[in-house]
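Below is one structure, written out as structure tokens; comments come after it.
The values are calculated or read from the model by the stated rules, or taken from the named source; none is laboratory data. Model, not experiment: these values are computed from the prediction. Here Cβ is always computed from backbone atoms with ideal geometry, including for glycine, and neighbour counts include all displayed protein chains. Calculation scope for accessible area: heavy atoms of the full protein, side chains included, ligands and nucleic acids excluded. Shrake-Rupley method; radii C 1.70, N 1.55, O 1.52, S 1.80 Å.
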Amino acid sequence: GDNVDAFAIGVGIGDANFPVNLVTTTGLRTPFYQWLSLIAQQLPNFVQIASAEPTLSLLVAALQAAELDDDLAEPGPFTVFAPTNAAIEEFMADNNLTPEQLLQSPQLSAILLYHVVPSKIMAGDITEGLQVNTLQGGPLTFSINGGAKVNDANIIAADIVASNGVIHLIDAILIPAP
């Protein structure tokens, strides 16, 4: 994309060729939709955000082990319910798993795909009893009474916007029905 070294300082109504323009500090007039496109291109994708966040390092390792990291860097849109390191560590402790055993599990890919919805769901879209299907194929069910939950996991941080969707941090691993 183009490098932009100016900030938008105002919005003006232009002629028929540029119905809405952003005027930059350099006086450049750019159609608003082009700015939105440029801004979206500058946002990191889910994998880039997760890779930069220390509390998601175990999730990133699992995505890499399951060879799903490239897929989740695609344009999407995706909604990812991202379990934190603490959630993954608790799951491993409860199931007597080492990190190596977890990363070599034949169910790893299906479990990870159960955390991804093939559409963008913002926190404001969640209603009591809402059900959505995941990339794994199984449904997730939401609750908002007593705090936002997906299945039995609490949503502890919501609406982390990525170029290819949105991320919600959760405090537990989501396990699909057998």
The residue from Asp171, Asp152 that alone is over 18 Å from Val47 (Cα atoms) and touching a Pro at 6+ places or on another chain (Cβ under 8 Å) is Asp171
Would you check if there is a residue in the stretch 141-152 being among the acidic types (Asp, Glu) and closer than 21 Å to Thr55 by Cβ?
-> yes
(message) It is to be established whether one or more residues within the stretch 88-99 are out of contact with any Gly (no Cβ under 7 Å at 6 or more places or on another chain), of a type outside the set (A, V, I, L, M) and open to solvent by less than 30 Å² (accessible area, probe 1.4 Å).
(response) no
Within the stretch 53-69, is there a residue that is modelled with pLDDT under 80 and not hydroxyl-bearing (Ser, Thr, Tyr)? no
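Here is a yes/no grid of residues against (1) within 20 Å of Phe46 (Cα to Cα); (2) of a type in the set (Asp, Glu); (3) under 16 Å from the mean Cα position of the chain (by Cα); (4) open to solvent by 30 Å² or more (accessible area, probe 1.4 Å):
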position: Val117; (1), (2), (3), (4): yes, no, yes, no
position: Gly129; (1), (2), (3), (4): no, no, no, yes
position: Asn133; (1), (2), (3), (4): yes, no, yes, yes
position: Phe142; (1), (2), (3), (4): no, no, no, no
position: Gly147; (1), (2), (3), (4): no, no, no, yes
position: Ala158; (1), (2), (3), (4): yes, no, yes, yes
position: Gly165; (1), (2), (3), (4): yes, no, yes, no
Check: Would you call Leu169 open to solvent by less than 50 Å² (accessible area, probe 1.4 Å), under 12 Å from the mean Cα position of the chain (by Cα) and not basic (Lys, Arg)?
Finding: yes
Selection from the stretch 126-154 of residues assigned to a strand (DSSP E or B) and of a type in the set (Gly, Ala, Ser) yields Ser143, Ala153
Selection from the stretch 161-174 of residues within 17 Å of Ala86 (Cβ to Cβ) and hydrophobic (A, V, I, L, M, F, W, C) yields Ile167, Leu169, Ile170, Ala172, Ile173, Leu174
Q | Filter pass, Pro176 being within 17 Å of Ser57 (Cβ to Cβ) and of a type outside the set (A, V, I, L, M, F, W, C) | A | no
